[in-house]
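Take a look at the structure below.
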Amino acid sequence: MKTLAIRDLKNNPSDMTKYLENNESVFITKHSKPIGITIPLNDETLSIGIKKAVAIEQYRNGLISLGKMAQFLEIEKKEAMDLVNRLGIDWLEYTRQELDEQAKLAAKYAKKSS
């Protein structure tokens, strides 16, 4: 996600257009504080709705958690997982190696407790 200061937007609005044409969302800031966000109006955005598109973009860029995205959209976390999964966005924040290590650790502790 790109960031543009409102003064830069005023001086060179074509920057905003360039980012939107490249399907990139843009934070608009004033005195270094976010005051708004723009999102490109493409087929994906229009098909899933503006509110969902904003929430997904925020999640995709690591600005909110999956739980916060679900809360914002007023859906269950499982539904949020399904939504991002359908869009090809990773919701599991572990690498394959990390998952394998966690599984080995869980198996080790499961044997100890038996």
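Within the range 87-106, restricting attention to residues that are acidic (Asp, Glu) and over 30 Å from residue 50 (Cα atoms), the residue that is modelled with the lowest pLDDT is 98. Filtering the range 56-89 to residues that are surrounded by 10 or more Cβ atoms within 10 Å (Cβ to Cβ), outside any helix (DSSP H, G or I) and either under 14 Å from the mean Cα position of the chain (by Cα) or among the aromatic types (Phe, Trp, Tyr) (or both) leaves 61, 63, 64, 65, 87, 89. Checking the range 26-35 against the condition returns no match, with no residue being surrounded by 17 or more Cβ atoms within 10 Å (Cβ to Cβ), within 24 Å of residue 84 (Cα to Cα) and either polar (S, T, N, Q) or under 12 Å from the mean Cα position of the chain (by Cα) (or both). Looking only at residues of the range 43-86 that are among the charged types (D, E, K, R) and either in contact with a Cys (Cβ under 7 Å, 6 or more places away or on another chain) or under 26 Å from residue 20 (Cβ atoms) (or both), we find that the one that is modelled with the lowest pLDDT is 44. Only one of the numbered conditions (1) more than 24 Å from residue 25 (Cα to Cα); (2) within 13 Å of the chain's Cα centre (by Cα) is violated by residue 99, and that is (2). Among residues of the range 1-26 that are in contact (Cβ under 8 Å) with a residue 12 or more places away in the chain, those with a beta-carbon under 6 Å from a residue that is surrounded by fewer than 14 Cβ atoms within 10 Å (Cβ to Cβ) and not basic (Lys, Arg) at least six positions away or on a different chain give the pairs 1/61; 23/42.
Where residues in the range 40-55 are assigned to a helix (DSSP H, G or I) and surrounded by 16 or more Cβ atoms within 10 Å (Cβ to Cβ), which of them is nearest to the chain's Cα centre (by Cα)? Here the answer is 55.
The values are calculated or read from the model by the stated rules, or taken from the named source; none is laboratory data. For clarity, every value in this text was computed on a predicted model and none was experimentally measured. Note that each Cβ is placed from the backbone with ideal geometry, even for glycine, and that neighbours are counted across all protein chains shown.
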